[in-house]
Amino acid sequence: MTAFEYRVVPAPRRGQKERGLKTPEDRYAHALQGTINELGAKGWEYLRAETLPCEERHGLRGRSIVHHSVLVFRRATAQAAPATPVAAEPMATPQGKQGLSASRDEMPAASRAVPSAREAQDIPDRPAPQVTAKSGD
């Protein structure tokens, strides 16, 4: 199955002046054609044009609905090869207890995020570092 990525760009609001184009419709079509050809050269396929509502603020408390015209493009993405699932090894249960009924003390220390109160008290006391000051003279 092919996967696509999409790009949405605003449609041109005004036509572009070009020699030989007299009517506003021709100028607008030329501007639209330029936008489509520019993205087509970059690998994007023109999909459709949409007019979508957007709520915009006006002033301090005013809001209004404005419709924006956009052009939708798409291109196929490079799909990675499907990963083969790796079977997980079953977890070893602590000796003496089965399943989830194992107490906190029987769990390996690496699997606990917070040390127990007993472990926190087992921290060896270190002597305070000795600081000596020397005179700069």
Which peptide among 11-23, 58-70 comes first, and what is the full order, when sorted by highest mean count of other Cβ atoms within 10 Å? 11-23, 58-70
Under 5 Å between amide hydrogens, which residues at least 5 positions from Ala11 or on another chain qualify, with H placed 1.01 Å from N in the peptide plane? Ser69, Val70, Leu71
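Just so you know, all these numbers are worked out from the coordinates, no wet-lab data involved. None of these values were measured; they are calculated from a predicted model. Every residue, glycine among them, receives a Cβ derived from its backbone with ideal geometry; neighbour counts consider all protein chains shown.
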